[in-house]
Amino acid sequence: MRTVLAAVLFVVLVGVGLSLHRRRSRRRRSPLLEDVDDQLAESMGPGTGSHLERAPRVRRLDVLEGHNGDPVYAPRIRIVLGTTDAPGMGLVFEYVASALEAAHPRFRERDGRVESYDVEFTFGPDGLLVEGACRRVTVPAALADELLANDRYRAFDLRRDVERADGDEDSVAALWEPCRS
């Protein structure tokens, strides 16, 4: 009986410890990421899209070394869809364009050079025994610049350009690849 109580107490303490660790790690996000998350929530919060479970967030910000030694960013934006099936590419690129329109200006305002954006989509059943799917679209910063600078360049054009660049060794563009860990 004592062994069972000790095991239960251990499991509870580990759970509380993990919960506290997660809360502390969330608080240490940079002001830039908080600003981008706030902009994503404002422009793409729940209710603004038919399939959004919650507002998109920057899941991770990779910092790479540029050609001259300056930092170059590669943000990973996570969009959680409340669907069981994979979304169509038209819907995917509407969300990609909206996410870039919200996030890219924030990086430019802070003189942050961005190499590319990974816009990740999670969907499908997710629970204790099954794991939902995660796929990404990687968009080079030059295409994000074009999306913001040209009023006639929309989600359809972005999709076309990412499809063309996908698989090109000279481009970081990727179309519907598995998410990176």
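Overview of values
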| quantity | calculated |
| --- | --- |
| Approximate spin-label separation residue 115-residue 64, in nm, with each point projected 7 Å along Cα-to-Cβ | 0.3 nm |
| Kirkwood hydrodynamic radius over Cα pairs of the range 107-154, then Stokes diffusion coefficient at 10 °C and 1.306 mPa s, in µm²/s | 121 µm²/s |
| Cα-based Rg of the range 30-178 normalised by 2.2 N^0.38 Å, two decimals | 1.02 |
| Distance in nm between pseudo-label sites at residue 129 and residue 42 (7 Å out along the Cβ direction from Cα) | 4.5 nm |
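Just so you know, all these numbers are worked out from the coordinates, no wet-lab data involved. Model, not experiment: these values are computed from the prediction. Because the Cβ atoms are built from the backbone with ideal geometry, glycine has one as well, and the counts that use them run over all protein chains shown.
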